[in-house]
Structure formats: structure tokens, C-alpha cells
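> One structure coming up, written as C-alpha cells, with questions to follow.
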Amino acid sequence: MDDPDVRPLFPRPLRRGELVALDSLAGLGYAFVLSLQAGVPATWTAHALIAAMTLPVAVRRRWPLPVFGVVLAASLAAAVPGVVREPLAAAAYALYPVALTTPRRRWEPTTAIGVLSLGALLFAAVGGVSADPASRRAVTSLVLGALALGGAWTIGRAVRERRAYAARGAELGAERAAERAVAEERLRIARELHDVVSHTLSLIGVKAGVAAHVADQRPEEAREALRVIEDTSRRALAEMRQALGVLRDDSPGRSPVPGLAALPELAERAAAAGVEVDLDVRVTGALPETLELAVHRIAREALTNVVRHAAPARCRVLVERDAAEVRIEVTDDGPGRRTLPPGPPGHGLIGMRERALLFGGEFTAGPRPEGGFRVLARLPVPDPGNSAGDGEDR
């Protein structure tokens, strides 16, 4: 773990002006050192070469290639008369931003640079056996200059590759995050549409079957079924508009998110489809809006399954809260082994399980030993001081 007491030398990235100031100080400092090495009094030619070698590095980040060309030319010119001992140090300093900013080309002589560096080392070894001090100094200067240039180029290229790799990693991470966001949004849309459409269409399907069955013998009952279908269809359209508004999150004045107060309406709709509902809500105190929505959706989907697979039947819906969780239990006395209609299986149980797991809760569903079917969900109640419980986006 990082030590919180250790602060970085630069707590923020340096601005361009600050970088230019640092390069200017480096150039002036090196010029001062070279002036001392040149001796006193130094010729005007020496001062001009030293200035050309050092002062341009102040703008090496803005014009890297031209600055390197000027500094390298001045360094080579200063090396001929022996004005300075290590003339290529400033050129290496100016070469670094060139390696850092220049795009890598296919024909870049990376191998040649390595071969030349190796040749410089071999040449130094040969020159080192010479007894001539001047020859040894020349060879040493050449080797150090070659190594400085090669090192600056290698380090610049390595930093460039590292930054490019980090940028590619960040871009790939952003793409994966976008893909996850799209998948989560698609799942959320599918869940919302399923919750809105499945319940109302199930009621419409049941009532349409009743109307078709009794149309000839009991026309009054058929007309009542058609009236329920009309009313349910209008409610479905209104809820669809509301769901789309929630998904867009930009519709002004949309209806409040359904919660515990809407449970009696669910019971009335189920009763219209032939399911007698005993609703028992034992919740004191306010719940987070997202938790109320999850409770409403789970109860609604459970009732929809009863209407689709067990009607006519009796059903009990219990919603109770204690200090730690909200418990939703829906039981019915219909057939324990449901006879599903033809077609692909639904996603009701999957959706309820997803909602429960989204809040860190538990979900079970299955036949009861005494007959009928049971759905049980336990959703933990978040700490009022912790917003992490609001786990569902609306």
C-alpha cells in the first residue's frame, strides 16, 4: 500500500511554461559548466558554440527536431577545436524529446544504433591500450557521447512505447466499460419492459379467453371481460409511456415510481383475472425508492405468474419488514407443477431473482409440500447513512 504521508515531488503535471523554465535552467547550468571548462579568458568562438549547444534546449519540447539539429551541429563544431570535453551531452539531452514524440517508422534503424554503440565500445577498448593521453581522451569522449545519444534515444523510445501501451490499455478499458454499460442498459430495459408488459398482457389473455368461452351462453359476462380488457389495455399504454420515460430519464412530470402504495391495485387487477388475493403489508417507516420499486416489481411478477399458470386460485401476498430486511412472500393454492402455455419459457423467475440479487438479497421459488406454489424474496434494508443500497438504476 502507498504511504499516505509520502507526497510526490510534483503533485500535479507540470505546465508547458514550467517545463520550459526547467529546461532553461538546465541549459544555463550546463552553459556555465562548459564556460568554466573552456578556461578564462575564452574566445568569442567558444562562447558562441557553447551558447548554440545549450540555450536552444529551453525549447526542445516545442521544436524537438530543429533544436536537436542545431545542438548536434554546434556540439560537433565544438568538438573539433576541443572547446569542450563532452560535447555530445547537450545533444543527447535534446535527442530525448525527438525519440519521445517522433512516430516510430518501419525502417527505423534500431538495430543499427545498437551495432554502432557496440562498435564504439570496441573502439574504446582498442584506443584504451594506446599510451597517448590525447588519444585516450578522444576515444573516451567519443564513447561517452555515443552512449549518451544511444541511451537518450532508447529511453525516449521506451517511454513512448510505455505511454502508447498505457493509452491502448485505457482505450480498451473504456471500450469494455462501454460494452458492459450497454449490456447492463439492455438488461435493464428488458427487465422494465417485461415487468410492464407481462402483467397486463397476461390479464388481457385470460379475459380474452373467458370472453371467447362464454360469448354465446353468457354475453353479459363476455361484455364484462371485454370491459376489463379495455381498461387493462389503457393502463398498459400509460405504464408503457411511463417506462419509456424512466428509460430516457428526460420526460418532465412523469408519474412517481410505483411502490408499496400500488400493491392494492395489483391485487384488484389479479382479482379481475380470477385470482382472489389476500394482501398483507406490514411495513413501518419509509423505504428507499429503489427498494420499494423492487418490492413492487417482485410482487407484481409473482402475481402475474399466478394469473398465467394457476388461475382461478387463491393467493396470499405478504410484505413485512424488520430491522434488517424486507420479506416478500407470495403463495397460492393452484397446481404446484405449473402447466405452462405453449411457446418459449418466460423470464419472470429470472427477473425476480436478478432484482433480489441486485440488492444483495435472496430468492427462492418452487412448489409447496401442501400444494400450490411459493415465491420468497428477502431484500436487505440499507443503512440510512449508506447509499450503497440503492443498487438499481431507474
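> Full extension from residue 364 to residue 278: what is 0.36 nm times the residue separation minus their Cα-Cα distance, to one decimal in nm? Don't jump to the answer; show the numbers that get you there.
Numbers: separation 86, 0.36 × 86 = 30.96 nm, distance 2.06 nm.
In short, 28.9 nm is gained.
> Test of understanding: what is the full-extension gain from residue 101 to residue 76, defined as 0.36 nm times their sequence separation minus their Cα-Cα distance?
Taking 0.36 nm per residue and subtracting the Cα distance, the gain is 6.6 nm.
> Once amide H atoms are placed 1.01 Å from N in the peptide plane, what residues at a sequence separation of 5 or more from residue 325, or on another chain, have their amide H within under 5 Å of its amide H?
Here 381 satisfy the definition.
> Another question, then. Quick query: amide H of residue 279 versus all other amide H atoms, modeled in the peptide plane; which residues come in under 5 Å with a sequence gap of 5 or more or a different chain?
317
> How much FRET efficiency would the formula 1/(1 + (r/R0)^6) give for residue 187 and residue 212, where r is the Cβ-Cβ distance and R0 is 30 Å, rounded to 0.05? Could you put the intermediate results ahead of the total?
Values: r = 36 Å, r/R0 = 1.19.
After rounding to 0.05, the efficiency reads 0.25.
> Calculate, for residue 22 and residue 324, the FRET efficiency according to 1/(1 + (r/R0)^6) with r their C-beta to C-beta distance and R0 56 Å; round to the nearest 0.05.
0.45
> Output the peptides 295-302, 162-169, 20-27 sorted from most to least packed, where packing is the average of other Cβ atoms within 10 Å over each peptide's residues.
On the way: 295-302: 25.1, 162-169: 10.4, 20-27: 16.0.
Highest mean packing first, the order is 295-302, 20-27, 162-169.
> Taking the simple approach of a point 7 Å from Cα along Cα-to-Cβ for both residue 220 and residue 268, what is their distance in nm?
It works out to 2.3 nm between the two label points.
> Now a separate question. Calculate one ³J(HN,Hα) per residue across segment 63-69 by plugging θ = phi - 60° into the Karplus curve 6.51 cos²θ - 1.76 cosθ + 1.60, and present them in order as whole Hz with x for glycine and proline.
Ordered by residue, 3J(HN,Hα) equals 10, x, 5, x, 5, 4, x Hz.
Values in this text are rule-based calculations from the coordinates and carry no lab data. It should be emphasised that the depicted structure is a prediction, and the values quoted were computed from it without experimental measurement. Because the Cβ atoms are built from the backbone with ideal geometry, glycine has one as well, and the counts that use them run over all protein chains shown.
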